[in-house]
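J.: My questions all concern the structure below.
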Amino acid sequence: MSLNIFLQNLSNGISLGCLFALVAIGYTMVYGVLRLINFAHGDIFMMAAFFVFYAMTIFSLPWGIACLVAIILAMVLGRTIERVAYKPLRNAPRISSLCSAIGMSFLLENFAIVVFGGRPKSFYRPEFFAKTFVLGEVRVPGVNFVTPIVSIVFLLILSYIVYRTKTGLAMRAISKDFDTAMLMGINLDRTISFTFMIGSGLAAVGAILWALRYPQIWPFMGVFPGWRAFTAAIIGGIGSIRGAMVGGFLVGLLTIMIVAFLPELAGYKDAFIFVILIFVLLFKPEGLFGEE
Amino acid sequence: MLKVENLNVYYGGIHALKGISFDVSKGKIITLIGANGAGKSTTLRTICSLVRAKEGKIIFKDKDITNISTDQIVKMGAVLIPEGRRIFPNLTVQENLDLGAFVREDKEEIIKDQEWVCKLFPRLKERLWQKGATLSGGEQQMLAVARGLMSRPKLLMLDEPSLGLAPLLVKEIFEIIQRIHQEGITILLIEQNAFAALKIADYAYVLETGRIVLQGTGEELLRNEEVRKAYLGE
């Protein structure tokens with residue numbers, strides 16, 4: 001493989017990695033506070049892409065505004081899912097909320113098929129994203145410049161919220177001990193809702209970046225990115241925000257590199273990521289940045 | 001300040017509190033003593049709304065708080081330092097203290113209060129940037145008390161503060177409880193170390209399997225034959 005092709009793949013890998021980091025955070029944050037895998041997360045991702053689509057086609061909003069609206073709607077959707085599907089089961093056995101999460105995932109996918117239709121729709125791409133830039137002999141699509149920058153900006157905002165604000169402190173307290181967090185005067189419901197909103201908002205940003213890269217949107221578009229981001233969150237250490245960032249980055253980079261270096265295995269790339277996951281868990285059961 | 005009337009609580013299918021009533025008047029140290037499983041912790045957890053009462057009433061500062069959420073009760077100034085310290089191991093000492101002051105907005109006063117608790121517990125001051133998990137058991141208990149104080153409570157409830165501490169530290173913790181009390185904070189103390197608790201208590205209640213079986217001033221109970229036999233090991 002020539003250096004140029006390697007660099008080209010590297011730019012794809014970095015960009016996809018940043019994207020998975022954004023999505024993986026939603027899994028890890030929800031797990032952190034509720035010890036629940038939010039299987040509907042990938043479907044919130046999908047819904048966000050459709051929100052952009054319909055905001056532009058039905059309400060004729062300009063692209064930028066449509067993205068903003070979609071992010072906000074995704075946050076509302078995430079919060080609603082928590083209220084409807086998880087909150088009533090907070091004190092139930094964990095398997096109940098897990099089933100509820102799977103059910104919610106199916107519900108959103110079915111809803112999307114019925115209401116949006118199963119046929120892929122094309123997602124609008126502003127010119128810059130569709131363009132390919134040639135740097136020396138390396139060809140880099142515009143979206144590869146934007147994705148890492150947007151991701152890093154949102155990850156920095158997230159880190160600020162989690163590590164520097166009172167709400168972030170409340171989230172970190174809740175992740176260790178519900179009762180004691182309540183004894184500090186933390187409003188549990190509000191903090192959990194906020195966690196879902198942040199996770200869903202980041203998923204929406206991820207979805208927009210994803211759709212700019214693969215501009216076909218359809219009801220099952222969230223399934224594979226969802227699973228990969230979930231895997232990434234586990235590799236990084238589920239519950240750890242830094243872990244989700246690093247895990248997401250690794251999974252994105254590896255997915256691209258496997259395809260590039262071992263083209264004959266390209267079809268198995270998702271299984272390959274799982275093999276890596278299993279190896280990580282064998283040597284570090286808590287994940288790369290997990291606790292205990 | 002706090003009035004508990006005919007409190008009935010079921011906990012995991014067990015009738016844990018069978019109609020208990022007691023008073024905590026302002027500026028006093030009140031203690032509940034009793035064996036393991038008598039319902040002492042359940043009483044405090046019910047006052048804080050972590051456990052819901054089936055029947056009965058809890059009045060705090062002339063307000064019915066029986067069905068109010070925990071965070072509202074904390075805001076009103078009733079604060080529980082839970083059994084087993086329960087500090088946040090993943091957070092620094094400073095962050096633990098910040099959480100204690102979570103319901104407050106008066107930044108300058110919070111800083112003053114932190115200076116005050118650092119004076120009470122000089123060991124914490126040296127460890128503000130350490131993770132909670134790295135503290136020794138005694139230091140964790142000090143942090144739990146300091147964190148409780150950071151909310152500037154009117155009523156401080158302590159659940160077994162001396163549990164698992166070395167005798168010297170037990171003595172220190174009881175001295176600190178008295179110093180906190182001198183600052184004008186009303187104290188509701190739960191202890192298995194009945195002797196130490198009764199010695200500093202203005203008034204005490206003895207709990208047995210969810211009922212109050214005996215009450216009196218600390219001194220009275222220290223002299224009481226039954227108490228001496230059952231709880232003071234004589």
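J.: Convert each backbone phi in the range B:59-74 into a coupling constant with the Karplus relation 6.51 cos²θ - 1.76 cosθ + 1.60 (shift: θ = phi - 60°), then list the ³J(HN,Hα) values in order as whole Hz, x for Gly and Pro.
T.: 10, 10, 6, 6, 10, 6, 10, 4, 10, 9, 6, 3, 5, 5, 5, 4
J.: For chain B, calculate the relative contact order in percent as a whole number, restricting contacts to Cα pairs under 8 Å that are 6 or more residues apart.
T.: 28
J.: Obtain the nm distance between the two label points defined at B:LYS112 and B:GLN72 by a simple spin-label model: each point lies 7 Å from its Cα along the Cα-to-C-beta direction.
T.: Here the modelled spin labels are 3.0 nm apart.
J.: So, one more: For A:182-195, what's the mean count of beta carbons from other chains sitting within 10 Å of each residue's beta carbon? It would help to have the intermediate numbers written out before the result.
T.: Details: counts 9, 20, 16, 16, 6, 7, 3, 2, 1, 1, 0, 0, 0, 0.
Average neighbour count from other chains, rounded to a whole number: 6.
J.: Projecting each Cα onto the charge dipole of the protein assembly as shown (Lys/Arg +1, Asp/Glu -1 at the beta carbon, about the Cα centre), which of B:ALA53, B:PRO89, A:GLY103 comes out farthest on the positive side?
T.: Working it through, the farthest residue towards the positive pole turns out to be A:GLY103.
J.: Ok, one more. Mark the label point 7 Å from the Cα of A:LEU265 along Cα→Cβ and return the residues of the range A:219-255 whose backbone N is within less than 12 Å of it.
T.: Residues A:254-255 fall inside that zone.
J.: So, one more: Just for the range B:149-218, what percent of DSSP beta bridges are antiparallel, to the closest 5? Write out the running numbers ahead of the final one.
T.: Details: 5 of 10 bridges.
Roughly 50 percent of the DSSP beta bridges within the range B:149-218 come out antiparallel.
J.: Helix B:107-120 sits at what angle to the longest principal axis of chain B, using alpha carbons and giving 0 to 90 degrees rounded to 10?
T.: 70
J.: Ordered by residue, what ³J(HN,Hα) values in Hz, to whole numbers, does the range B:40-52 give under the Karplus form 6.51 cos²θ - 1.76 cosθ + 1.60, where θ = phi - 60° and Gly and Pro are x?
T.: 5, 5, 4, 4, 5, 5, 6, 4, 7, 6, 6, 10, 8
J.: Another question, if that's okay. Which residue fluctuates most in the GNM of chain A (Cα springs below 10 Å): A:ALA85, A:ALA48, A:ALA21?
T.: Evaluated over chain A, the most mobile residue of the options is A:ALA85.
J.: If you don't mind, there's one more thing I want to ask. Average partner chain C-beta neighbours within 10 Å, per residue of A:167-176?
T.: Mean shielding count: 3.
J.: With no solvent and one point per C-alpha, what does the Debye sum give as log10 I(q)/I(0) for the range A:11-222 at q = 0.11 Å⁻¹?
T.: The computed values of log10 I(q)/I(0) come out as -0.55.
J.: Right, another one. Relative contact order of chain A, please, whole-number percent, based on alpha carbon pairs below 8 angstrom and at least 6 residues apart.
T.: Values: 462 pairs, mean separation 106.1, N = 292.
Once divided by the residue count of chain A, the mean separation gives 36 percent.
J.: Then there is this: Across the residues of B:84-94, average count of Cβ atoms on other protein chains within 10 Å?
T.: Mean partner-chain Cβ count within 10 Å for B:84-94: 3.
J.: With chain A treated as a Gaussian network of Cα nodes joined by springs under 10 Å, which of A:PRO120, A:PRO93, A:PRO141 yields the largest mean-square fluctuation?
T.: Highest fluctuation of the listed residues: A:PRO93.
J.: Just to check I understand the Karplus step: with θ = phi - 60° and J = 6.51 cos²θ - 1.76 cosθ + 1.60, what whole-Hz values come out for the range B:133-144, glycine and proline as x?
T.: Going residue by residue, I get 5, 7, 7, 6, x, x, 5, 5, 5, 4, 5, 4 Hz, with x marking Gly and Pro.
J.: Note down the magnitude of the dipole of the range B:135-234 about its Cα centre, charges +1 on Lys and Arg C-beta and -1 on Asp and Glu C-beta and zero elsewhere, to the nearest 20 debye. It would help to have the intermediate numbers written out before the result.
T.: Working: 10 positive and 14 negative charges, 48 e Å.
Rounded to the nearest 20 debye, it is 240 debye.
J.: For a paramagnetic label modelled at 7 Å from the Cα of B:THR134 toward its Cβ, which residues of the range A:152-175 fall within the zone defined by backbone nitrogen distances under 20 Å?
T.: Flagged as within label range: A:163-164, A:173.
J.: Arrange the peptides A:25-36, B:12-23 so that the one whose residues have, on average, the most other Cβ atoms within 10 Å appears first.
T.: The densest-packed peptide leads the list: A:25-36, B:12-23.
J.: Which trypsin sites (Lys or Arg not before Pro) from the range A:49-105 combine a DSSP loop assignment with at most 16 other Cβ atoms within 10 Å?
T.: Answer by residue number: A:ARG90.
J.: Also: Only bridges with both residues in the protein assembly as shown count here: give the DSSP antiparallel percent, nearest 5. Please list the in-between numbers first.
T.: Working: 27 of 46 bridges.
The answer is about 60 percent antiparallel.
J.: For chain A, with a Gaussian network of springs between Cα atoms less than 10 Å apart, report the residue from A:GLY64, A:GLY185, A:GLY118 with the top mean-square fluctuation.
T.: Checking each option, the largest mean-square fluctuation is seen for A:GLY185.
J.: When ranked by the protection proxy of mean other Cβ atoms within 10 Å per residue, highest first, what sequence do the peptides A:176-183, A:198-205 form?
T.: Result, highest mean Cβ count within 10 Å first: A:198-205, A:176-183.
J.: Exceeding 31 Å between C-alpha atoms, which entries from my cross-link table qualify? They are A:LYS121/A:LYS176; B:LYS75/B:LYS131; B:LYS54/B:LYS107.
T.: Distance filter (> 31 Å) returns A:LYS121/A:LYS176; B:LYS54/B:LYS107.
J.: Using bins 20 angstrom wide from zero, how does P(r) for the protein assembly as shown break down, in % of all Cα pairs?
T.: So the P(r) values, bin by bin, are 20, 43, 26, 10, 1.
J.: Right, something else. Pick out the long, greasy-scoring helices in chain A: whole DSSP H runs spanning 30 Å or more along their own axis by Cα, mean Kyte-Doolittle at least 1.6.
T.: Result, helices passing both filters: A:142-164.
J.: With +1 on each Lys and Arg Cβ and -1 on each Asp and Glu Cβ, and nothing else charged, work out how big the dipole of chain B is about its Cα centre, in Debye to the nearest 20.
T.: That gives chain B a dipole magnitude of about 260 debye.
J.: In whole Å, how far is the Cα centre of the range B:10-56 from that of the range B:81-132?
T.: So the separation of the two Cα centres works out to 27 Å.
Readers should treat all values here as calculations from the given coordinates under stated rules, not as data from a laboratory. The structure displayed is predicted, hence computed values, not measured ones. Neighbour counts run over all protein chains shown; Cβ positions are idealised from the backbone, glycine included.
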